[in-house]
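Below is one structure; the comments refer to it alone.
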Amino acid sequence: MASIMVERSGRVALLTLNRPKALNALNLAVMQEAVAALTDLDRDPSVGAIVITGSEKAFAAGADIKEMAPKTFADVFLEDWFAAWDQLAHLRTPTIAAVSGYALGGGCELAMLCDILIASDTAKFGQPEIKLGVIPGIGGSQRLTRAVGKAKAMDLCLTGRFMDVDEAERAGLVSRVVPVDQLRDVALEVAKTIADMSLPIAMMAKEAVNRSFETTLSEGVRFERRVFHSTFATDDQKEGMAAFIEKRKPVFSHR
Ligand code: HXC
């Protein structure tokens, strides 16, 4: 059985982690299949947004502890264990994590690698690696801290406790909270809204927001201004503004 499933609906792609019995623990197969599928979807201009989801009980309960347990330092160092997940930080197509149930360790890190995090009212987030004698390894100590600040990031990383969805929303980790039975539909609807926008402009907006994590304010604003200017080189800027003036919906060519 494949570790992931990919479905398409118009310009939206849905990737579902598919190891429900292991609470979608992220083993090597999941990583390889998910990263390959997402990289392919990212290269396909007919895909305007990607939703990543899991099961109702677990988005993903972390890296696969059974697979990791016997590894030595040399194994994980030489294999650069889990570095492939870093490729998801370079996807240009907008991504949405639709999280129900557990998003722990690598699962929380995978959700944080997405651009928008929509959670069900059952979602639970945590970086419990410390309870296993390790620390986060797919960016959790960095992205969680940027998302929720030092106070909560330290609390979660040092105690290993889980955060419920209300706390996660208050802390700024989550964009929207929805009832669990509506999660998939809401995430797909948000994805469709984004996919109907101009793809290059959506990519530029994503790149500009992401730049804020990597640079100073003045450099970030300079980057934004240059990209803003370049939007005027697109057909979609002409269409978007013409549609507003003509009081109709824009039909973007995605170019
Ligand atoms: C492997 C896992 C797993 C995991 C759950 N399972 N999480 N297998 N790796 N991360 C398996 C269990 O072994 C069990 O299989 C089945 O899924 C159901 O889990 P239960 O524990 O029976 O369910 P429940 O009692 O409901 O508890 C749910 C849970 C608990 C609270 C989420 O499973 C849990 O604490 N899981 C580990 C969470 C964690 O520590 N994640 C961080 C991993 S480290 P069997 O076959 O026994 O029925 C990490 C590092 C990232 O992510 C960085 C690496 C570089």
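The values are calculated or read from the model by the stated rules, or taken from the named source; none is laboratory data. Given the structure is predicted, the values throughout are model-derived calculations rather than measurements. Positions of Cβ are backbone-derived with ideal geometry, glycine not excepted, and every protein chain shown enters the neighbour counts. Only protein heavy atoms, including side chains, enter the accessible area calculation; ligands, DNA and RNA are left aside. Shrake-Rupley method; radii C 1.70, N 1.55, O 1.52, S 1.80 Å.
Helix 183-196 sits at what angle to the longest principal axis of the chain, using alpha carbons and giving 0 to 90 degrees rounded to 10?
40
Given the DSSP H assignment, sum -39500 (n - 2.57) over each helix run of at least 4 residues in the chain and divide by its residue total; what's the result at 222 nm in deg cm²/dmol, nearest 500?
Result for the chain, helices only: -13000 deg cm²/dmol.
Round to the nearest 10 and give me the degree value, 0 to 90, for the angle of helix 28-43's Cα axis relative to the longest principal axis of the chain.
10
What figure in square angstrom, to the nearest 10, would you give for the accessible area of Ile135 with a 1.4 Å probe?
Around 130 Å² of this residue is reachable by solvent.
In the neighborhood of Phe125, defined by Cβ-to-Cβ distances under 14 Å, what is the net charge if each Lys or Arg adds +1 and each Asp or Glu adds -1?
-3
Of all the stretches in the chain, which is the longest one without any exposed loop site, taking chymotrypsin sites (Phe, Trp or Tyr not before Pro) in a DSSP loop (any state but H, G, I, E, B) with at most 16 other Cβ atoms within 10 Å?
1-212
At Val134 and Val227, where each label point lies 7 Å from the Cα along Cα→Cβ, what is the point-to-point distance in nanometres?
3.3
For Cα pairs less than 8 Å apart in space and 6+ apart in sequence, what is the mean separation divided by the residue count of the chain, i.e. the relative contact order in percent?
Normalised by residue count, the contact order of the chain is 17 percent.
Write out the GluC sites (Glu not before Pro) in the range 17-75 meeting two conditions: DSSP loop, and at most 15 other Cβ atoms within 10 Å of their Cβ.
Qualifying residues, ordered by number: Glu56.
How much accessible area does Met241 have with a 1.4 Å probe, in Å² rounded to the nearest 10?
The accessible area of Met241 comes to roughly 100 Å².
If each residue of separation counts as 0.36 nm, what is the full-extension length gain between Lys66 and Ala243 once their alpha-carbon separation is subtracted?
58.2 nm
Test of the criteria: in the range 155-228, which GluC sites (Glu not before Pro) are in a DSSP loop and have at most 15 other Cβ atoms within 10 angstrom of their Cβ?
Here the GluC sites (Glu not before Pro) that fit, given the DSSP loop and packing criteria, are Glu214.
If you line up the long axis of helix 217-231 against the longest principal axis of the chain, both from Cα atoms, how many degrees apart are they, to the nearest 10?
50
Give the aspartates and glutamates whose C-alpha is closer than 14 Å to that of Lys249, dropping any in the same chain fewer than 8 places away, or say none.
Cα-Cα hits under 14 Å: Asp196, Asp236, Glu239.
Connecting C-alpha atoms closer than 10 Å in a GNM of the chain, tell me which of Leu38, Leu78, Leu217 has the biggest fluctuation.
Top of the fluctuation ranking is Leu78.
Give, as a single signed number, the net charge of other residues whose beta carbon lies under 11 Å from the beta carbon of Glu167, with Lys and Arg counted +1 and Asp and Glu -1.
Net charge in that neighbourhood comes out at 0.
Taking a 1.4 Å probe, which of His254, His90, His229 shows the most accessible area, and what order do the others take after it?
In descending accessible area the options line up as His90, His229, His254.
Excluding residues fewer than 8 places away in the same chain, name every one of the lysines whose C-alpha is closer than 26 Å to that of Lys66.
Counting by Cα, and skipping residues close in sequence, Lys66 has these lysines nearby: Lys21, Lys57, Lys124, Lys131.
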